Amino acid sequence: MLPRGDGDGWACCALGHKHWGLFGAAGLLLWHRGSVLLQHRALWSHHGGTWGLLGGARNRAESAEQAAQREAAEEAGLADDSYEVTGAFVDDHGGWSYTTVVARAHAAVLPTGLTGETLEVRWVRVEDLHDLPLHPGFAATWETVRAIA
Ligand SMILES: [Zn+2]
């Protein structure tokens, strides 16, 4: 079992949503050529069954980039030297924010060590993205974050 982070918990934002992460949350948008690495979320999780980014709650002392990198390592075994961070986008809801950390993989790494939060992690070609049921938060920011790479 991984230790629980001090950011684990539900928060409400100024827009009236309920979000996971007392200090906000962060996710890793990892690119390799024309594909992005997506996580198929476990059915019991918030928005279960949808596809989104590896990521999760930020801990109190963590930057968004550190949180995204830690979660990608915990959820898919991604070493932080297997990719290069190229940018970030902060979706600030007021009192809660989600940071998408954009990165480029050195190779089409195969995810390992998946946890119970994950049904599958897969490289998805950008043109096939909308064939999948996307996590609403990811879907809402996709057109913005895809331009950052
Ligand atoms: Zn919100």
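Can you find even one residue in segment 23-43 that is under 21 Å from LEU114 (Cα atoms), out of contact with any Gly (no Cβ under 7 Å at 6 or more places or on another chain), of a type in the set (A, V, I, L, M, F, W, C) and free of Cβ contacts under 8 Å to residues at least 40 places away in the same chain? Spell out how you get there, then give the answer.
Our first condition is that a residue be under 21 Å from LEU114 (Cα atoms); within segment 23-43, this holds for 25-32, 35-43.
From what is left, the residues that are out of contact with any Gly (no Cβ under 7 Å at 6 or more places or on another chain) are 29-32, 35-37, 40.
Pick out the ones that are also of a type in the set (A, V, I, L, M, F, W, C) and you get 29-31, 36-37.
Narrowing the set further to residues that are free of Cβ contacts under 8 Å to residues at least 40 places away in the same chain leaves none.
No, every residue in segment 23-43 fails to be under 21 Å from LEU114 (Cα atoms), out of contact with any Gly (no Cβ under 7 Å at 6 or more places or on another chain), of a type in the set (A, V, I, L, M, F, W, C) and free of Cβ contacts under 8 Å to residues at least 40 places away in the same chain.
If you go through segment 1-16 and pick out every residue that is away from the ligand (no atom under 14 Å from the Cβ) and exposed (fewer than 12 other Cβ atoms within 10 Å of the Cβ), you end up with 4. Residues in segment 45-94 that are modelled with pLDDT of 95 or more, within 16 Å of the ligand (Cβ to nearest atom) and either over 16 Å from HIS19 (Cα atoms) or surrounded by fewer than 16 Cβ atoms within 10 Å (Cβ to Cβ) (or both): PHE89, VAL90, ASP92, GLY94. Restricting segment 17-26 to residues that are at pLDDT 95 or above and not in a strand (DSSP E or B) leaves a set whose member that is nearest to the ligand (Cβ to nearest atom) is GLY21. For THR144, the test of being of a type in the set (Ser, Thr, Tyr), at pLDDT 95 or above, exposed (fewer than 15 other Cβ atoms within 10 Å of the Cβ) and assigned to a helix (DSSP H, G or I) is passed. Inspection of segment 82-100 identifies no residue that is among the hydrophobic types (A, V, I, L, M, F, W, C), assigned to a helix (DSSP H, G or I) and in contact (Cβ under 8 Å) with a residue 12 or more places away in the chain.
Quick grid of which residues meet (1) closer than 24 Å to CYS12 by Cα; (2) out of contact with any His (no Cβ under 8 Å at 6 or more places or on another chain); (3) not charged (D, E, K, R):
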| position | (1), (2), (3) |
| --- | --- |
| SER82 | no, no, yes |
| VAL102 | no, yes, yes |
| THR112 | no, yes, yes |
| GLU127 | no, yes, no |
| GLU143 | no, yes, no |
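The values are calculated or read from the model by the stated rules, or taken from the named source; none is laboratory data. Remember, predicted model here, so these are calculated numbers, not experimental data. Quick reminder, even Gly has a Cβ in these numbers, built from the backbone with ideal geometry, and neighbours come from all protein chains shown.
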